[in-house]
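Notes for the one structure printed next.
The values are calculated or read from the model by the stated rules, or taken from the named source; none is laboratory data. Every value quoted in this text rests on a predicted model; they were computed, and no experiment measured them. With ideal geometry, Cβ positions are generated from the backbone for all residues, glycine too; neighbour counts draw on all protein chains shown.
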Ligand code: URA
């Protein structure tokens, strides 16, 4: 790949700004100053530096975040901070996508990646990956077999929809875990509303076999390896 394209992809500036940086001798490949913006580099093997700082590069980035409440799952938002705003250097230089959005008032496990194929595999309805949520309810939970069998809710387009079978584990009278394999708009909240209850706190704790890291405080994130992310499919 051309050095100017590589650095532009990593948001070091526009192609012309990068050309300028190169003419100012600020860019090096394995310790040697690059003079031509058309220089071909191998991002995975060559050590590139800008202003004497090594450029971090990995082809695929996987991030586990503990999403806080009050932050939106979007790339940009005029009113609210976004989960992408929370990501700092060096990962902020990559074009990260959100694997399965959470509502603004939902917290917990979020996966961010620049790997389009992985994103697709995680969110594809065909894969039926389970999402586990810890739910705090306004009222005690008694009869919930309807939720486990499938219940009529409205989807994001206001169409009636019967949810797929779910699994509920009661933790206390008003706290439970629910595992669902789909992700309709406000699905968990709407499922509990459909049995006359109300969700007052919602936290995603697992996606497939990948559990939220307990040491991650709200708003923190950590990079996962390709091997780590495979837990989703277990
Ligand atoms: N279900 C909801 O209602 N909200 C979420 O954020 C996720 C699942």
The residue that is nearest to the chain's Cα centre (by Cα), considering only those in the stretch 47-94 that are within 30 Å of residue 35 (Cβ to Cβ) and assigned to a strand (DSSP E or B), is 54
Only unsatisfied item for residue 144, checking (1) at pLDDT 95 or above; (2) surrounded by 15 or more Cβ atoms within 10 Å (Cβ to Cβ), is (1)
ask   = Do the conditions hold for residue 194, that is, is it in contact (Cβ under 8 Å) with a residue 40 or more places away in the chain and farther than 29 Å from residue 62 by Cβ?
value = yes
Restricted to the stretch 7-25 and to residues being touching a residue at least 24 places away in the same chain (Cβ under 8 Å) and surrounded by 17 or more Cβ atoms within 10 Å (Cβ to Cβ), the residue nearest to the chain's Cα centre (by Cα) is 10
_Looking for something under 14 Å from residue 210 (Cα atoms) and not in a helix (DSSP H, G or I) - is there at least one such residue anywhere in the stretch 115-128?_
no
Considering only strands (runs of 3 or more DSSP E) wholly within the stretch 137-228, the ones with at least 1 residues that are within 16 Å of the ligand (Cβ to nearest atom) and touching a strand residue (DSSP E or B) at 6+ places or on another chain (Cβ under 8 Å) are 152-154, 160-162, 167-170, 175-180, 199-207
Expected output for the stretch 81-102 (first residue in contact (Cβ under 8 Å) with a residue 40 or more places away in the chain, partner within 16 Å of the ligand (Cβ to nearest atom) and in a helix (DSSP H, G or I), Cβ below 6 Å, 6+ apart or cross-chain) is 99/122; 99/123; 100/123
Scanning the stretch 165-183 for residues that are within 24 Å of the chain's Cα centre (by Cα), surrounded by 14 or more Cβ atoms within 10 Å (Cβ to Cβ) and modelled with pLDDT of 95 or more gives 166, 176, 177, 178, 179, 180, 181, 182
